[in-house]
Ligand SMILES: Cc1cc2nc3c(=O)[nH]c(=O)nc-3n(C[C@H](O)[C@H](O)[C@H](O)COP(=O)(O)O)c2cc1C
């Protein structure tokens, strides 16, 4: 059905952000009683085999919405009604910023990919805290993704992340330190051991002084050598980091069918294989580290592949844009079927079992 209307939707504007904003307006209707119940009637997948406890939180199913889609929290009831098991909000920065000038998202239809150079448009941590304090009655875990403000030099990144982390601490169940977006100049340098250690020790120190200790994860660059991944894993071990969100978008343009010369991060089908390889590597190197696996998930087979490579949870972004709102239900239903077919009693048993 969505495949029939997709050309119409994509035809509304050449700028995918216009369609994205329209979709968000519809999702916000999900906050208006009784619409969520009506949507759930079509989307609900309630299967014990999909339920698991990960880094201390209960997940009804493993399919989450990746960071970058929802920022002000108003779309959350609609997203939950679509069947997402969790949502990662943000990325937020300490300071409000407009992001890069539009057009800043490009469709690569032949490749089932996107290039984006959003540059974290957001109202800043103070405003985000105000908006998120109004979010109520959700029964799924929420993550918050934090990045550095564009105008803050890397030398002051620690204070920048710490400010947002402490402002938003009450409003999420887990936090993701994003040092992997290619769209803020110099941000990816923060993933080097020297910078990352400073940021992580500051946020972990803050967290450890709170009554409720919330899990902290790091979102990784995809264009990494295994030696660089090893360095990242060292920091995770030293600071008892709960997990890795694997991965962010890529600056590579290798193997694309689409002729395109736009700066930004590539996502979707073209990054699928590389992201899975990285998940596999991280899981083998440290099976205790929880992995949220993403990058090019469109179908149940894509999601299952990431789980078997070592991801406990998965997220989608580009696949959600191309496959439409019912993809969440399809993946969850399909996962329950595949897990039963392969003799697993619970999804957690399948993690890393290639
Ligand atoms: C338009 C757009 C905006 C994004 N914004 C963020 C962001 O704010 N923070 C972040 O960590 N990742 C962001 N991402 C990256 C996604 O969360 C995800 O890591 C990446 O797209 C790979 O997953 P996919 O292939 O399912 O899209 C963004 C991606 C897109 C396409």
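The values are calculated or read from the model by the stated rules, or taken from the named source; none is laboratory data. All values derive from a computational prediction rather than experimental measurement. Please note: Cβ atoms are built from the backbone with ideal geometry, for glycine as well, and neighbour counts cover all protein chains shown.
Go through (1) exposed (fewer than 15 other Cβ atoms within 10 Å of the Cβ); (2) under 18 Å from the mean Cα position of the chain (by Cα); (3) within 16 Å of the ligand (Cβ to nearest atom) one by one and return the number of the condition residue 101 breaks.
Going through the list (1) exposed (fewer than 15 other Cβ atoms within 10 Å of the Cβ); (2) under 18 Å from the mean Cα position of the chain (by Cα); (3) within 16 Å of the ligand (Cβ to nearest atom), residue 101 breaks only (2).
Only one of 316, 244, 282, 297 is surrounded by 22 or more Cβ atoms within 10 Å (Cβ to Cβ), within 22 Å of residue 141 (Cβ to Cβ), more than 13 Å from the ligand (Cβ to nearest atom) and touching a residue at least 24 places away in the same chain (Cβ under 8 Å). Can you tell me which?
282
Please find, among 27, 57, the residue that is modelled with pLDDT under 95, under 22 Å from the mean Cα position of the chain (by Cα) and closer than 26 Å to residue 248 by Cβ.
Step by step, each of 27, 57 is checked, and only 27 is modelled with pLDDT under 95, under 22 Å from the mean Cα position of the chain (by Cα) and closer than 26 Å to residue 248 by Cβ.
Return a yes/no flag: does segment 324-333 have any residue that is farther than 20 Å from residue 50 by Cβ and either touching a helix residue (DSSP H, G or I) at 6+ places or on another chain (Cβ under 6 Å) or surrounded by 24 or more Cβ atoms within 10 Å (Cβ to Cβ) (or both).
yes
Within segment 262-279, take every residue that is more than 10 Å from the ligand (Cβ to nearest atom) and touching a residue at least 60 places away in the same chain (Cβ under 8 Å) and give me the one that is nearest to residue 15 (Cα to Cα).
262
Condition first: within 14 Å of the ligand (Cβ to nearest atom) and in contact with a helix residue (DSSP H, G or I) (Cβ under 6 Å, 6 or more places away or on another chain). Now tell me which residues in segment 80-98 satisfy that.
The answer is 84, 87, 92.
When residues of segment 271-288 are filtered for being closer than 17 Å to residue 354 by Cβ and touching a helix residue (DSSP H, G or I) at 6+ places or on another chain (Cβ under 9 Å), how many remain?
Of the residues in segment 271-288, 12 are closer than 17 Å to residue 354 by Cβ and touching a helix residue (DSSP H, G or I) at 6+ places or on another chain (Cβ under 9 Å).
Looking only at segment 30-48, count every residue that is part of a helix (DSSP H, G or I) and surrounded by 14 or more Cβ atoms within 10 Å (Cβ to Cβ) and tell me the total.
5
Which condition number in (1) surrounded by 14 or more Cβ atoms within 10 Å (Cβ to Cβ); (2) more than 20 Å from residue 267 (Cα to Cα) is the one that residue 12 fails?
That leaves (1) as the condition not met.
Might you check whether a residue that is free of Cβ contacts under 8 Å to residues at least 12 places away in the same chain and under 24 Å from the mean Cα position of the chain (by Cα) occurs anywhere in segment 30-51?
No - not one qualifying residue is present in segment 30-51.
Which number in (1) more than 16 Å from the chain's Cα centre (by Cα); (2) within 23 Å of residue 299 (Cβ to Cβ); (3) not in a helix (DSSP H, G or I) marks the one condition that residue 64 misses?
Condition (1) is where residue 64 drops out.
Looking at residue 26, is it in contact (Cβ under 8 Å) with a residue 60 or more places away in the chain and outside any strand (DSSP E or B)?
no
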